[in-house]
Amino acid sequence: MLGFLTARQAGLDDPLRLRRAESTRRVLSLTLNPDREVDRIHGNGINTIDIEVVEGRYMLSGGADGVIVIYDLENYSGKLHYTCKSVCTVGRSNRYVHKFSVETVQWYPYDTGMFVSSSFDKTMKVWDTETLKPAEVFEFEGNVYSHHLSPIARKHSLIAVGTKDPKIHLCDLKSGSRIQVLQGHRAEILSVRWSPRYEHILATASADSKVKVWDVRRASGCLFSLDQHNGDKSKAASEAVNTAHNGRVNGLCFTGDGLYLLTTGTDDRMRLWNSATGENTLVNYGKVSNGNRKKLQFAVSRGCGPEFVFVPCESSVAVYAVHTGELVSTLRGHYNNVDCCELHPDYQVPTSQFGSAARSSTLEVKTVTSWRGFLSFAPQMWRTSQKVQIRLPGPRLQ
């Protein structure tokens with residue numbers, strides 16, 4: 001590390017190289033953090049989480065009970081051990097609460113004043129954070145499995161939505177209406193994801209074992225379907241043509257630069273694809289246990305060299321090197337299956353939702369776990385979960 005600092009000070013090295021080295025070191029030294037807890041608000045399973053990228057301070061969670069919670073991840077207590085408090089909750093007493101399980105929550109990429117949730121009650125709601133009331137409600141004919149807003153879009157404000165219907169719906173935030181439908185899948189759409197590189201490129205995963213890449217500006221829509229055999233008909237003779245997996249495809253995630261796409265399926269496989277050509281890179285990750293019949297939320301590191309992917313795998317989180325398939329480490333500490341995980345945008349600290357064994361026979365408690373990594377920097381030891389403060393809950397996130 002001192003070598004990187006000296007080279008940077010002398011102007012002999014790219015400053016980003018030090019950042020990559022630091023981020024990589026943090027990922028490789030992650031351990032369970034005994035000093036951070038999160039308020040237990042949900043009375044049932046937690047399906048989805050999202051950390052906003054504007055400040056990296058607030059986290060959304062959506063549960064199987066229909067409840068949505070906003071947490072403040074910062075710490076102003078001045079104490080090493082602290083609990084991340086709930087800022088506000090859309091609970092069962094709220095007249096606008098989802099009637100059934102919340103499957104996806106996402107912050108508006110540019111402002112914490114708005115977030116979007118979708119549910120098995122066949123609705124997607126756009127919420128005003130200040131009032132905790134929906135500014136817009138989109139209704140669908142089937143359960144909503146997944147939705148996603150583009151993190152980089154400037155020319156459109158579309159939300160891609162995957163439902164039990166095999167059509168992908170595109171909803172416009174500006175007009176408050178569904179403006180386009182993409183057709184091509186033959187079963188429910190389990191996951192949708194916009195490219196972080198090109199704002200009009202969308203990837204979709206379905207229970208029909210297929211992954212399709214779309215350009216929403218084109219009349220035909222679909223650019224190509226991913227083929228695990230790269231067009232080798234002899235290998236695919238006994239299987240359906242152009243299938244990405246031999247089972248339901250329930251997970252999608254682009255790498256930070258948008259050049260590659262990772263997919264997961266119920267065939268216990270994870271695959272890495274060239275997002276421009278659709279080529280299967282044939283990276284072997286081994287068996288990646290995946291018994292989730294709904295969307296699987298996993299995360300890819302940002303600014304590391306090499307890149308890492310964090311994947312829920314039964315009761316642990318498996319960390320793989322993206323481009324080699326090497327299992328780097330396994331984050332253990334959960335008591336039940338991990339449902340989803342998310343990476344903090346600033347500190348490279350993964351936060352994972354998991355189920356724990358219930359102390360009561362009638363209540364299953366779901367909690368959040370954070371991980372702590374140590375790195376040597378000069379003569380001191382630093383935690384990757386930086387010490388900050390918790391402000392008092394307020395109606396507006398500013």
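Observations
- Relative exposure of E141, E279, E103, E22, judged by other C-beta atoms within 10 Å (fewest first): E141, E279, E22, E103
- For region 36-342: rounded, prolate or oblate by the Cα gyration tensor [a/c cutoff 1.5]: oblate
- Estimated FRET transfer efficiency (D232, A135; beta-carbon r; R0 45 Å; 0.05): 0.35
- With neighbour counts taken as other beta-carbon atoms within 10 Å, the residues K133, K287 rank, fewest first, as K287, K133.
- Under 20 Å from the R92 label point (7 Å along Cα→beta-carbon), backbone N, region 28-48: 39-48
- The HN-Hα couplings worked out from phi for region 324-340 by the Karplus form 6.51 cos²θ - 1.76 cosθ + 1.60 (θ = phi - 60°) are 10, x, 5, 7, 7, 6, 10, 8, 10, x, 8, 9, 8, 4, 7, 8, 6 Hz, whole numbers, x standing for Gly and Pro.
- Residue exposure sequence - M59, M114 - by fewest surrounding Cβ within 10 Å: M114, M59
- Karplus (6.51, -1.76, 1.60) ³J(HN,Hα), θ = phi - 60°, over region 21-28, in Hz, Gly and Pro reported as x: 4, 5, 4, 5, 5, 5, 5, 6
- Among beta bridges from DSSP that stay inside region 36-342, the antiparallel ones total about 95%.
- Selection from S77, S61, L282, by position along the positive dipole direction of region 36-342 (Cβ): L282
- Cα→Cβ-extended label distance, 7 Å offset, between Y110 and D215, nm: 2.4 nm
- Computed lengthening from D257 to A321, 0.36 nm per intervening residue step minus Cα-Cα distance: 21.5 nm
- Student exercise, region 74-168 dipole from Lys, Arg, Asp, Glu Cβ charges, in Debye to nearest 20: 140 debye
- Extension gain, S177 to N337, is 53.9 nm, computed as 0.36 nm per intervening residue step minus the present C-alpha separation.
- Region 89-245 shape via C-alpha gyration tensor axes, a/c threshold 1.5: prolate
- Student exercise, region 36-342 dipole from Lys, Arg, Asp, Glu Cβ charges, in Debye to nearest 20: 420 debye
- Inter-site label distance for D346 and A276 at 7 Å from Cα along Cβ, in nm: 3.4 nm
- Put a plus charge on the Cβ of each Lys and Arg, a minus charge on the Cβ of each Asp and Glu, and nothing anywhere else: the dipole of region 275-330 about its Cα centre is then about 300 debye.
Laboratory data are not the source of any read-out in this text; all were calculated from the coordinates shown. As the structure is a computational prediction, the values presented were derived from the model and not from experiment. For neighbour counting, all protein chains shown are included, and Cβ atoms are generated from backbone atoms with ideal geometry for every residue, glycine included.
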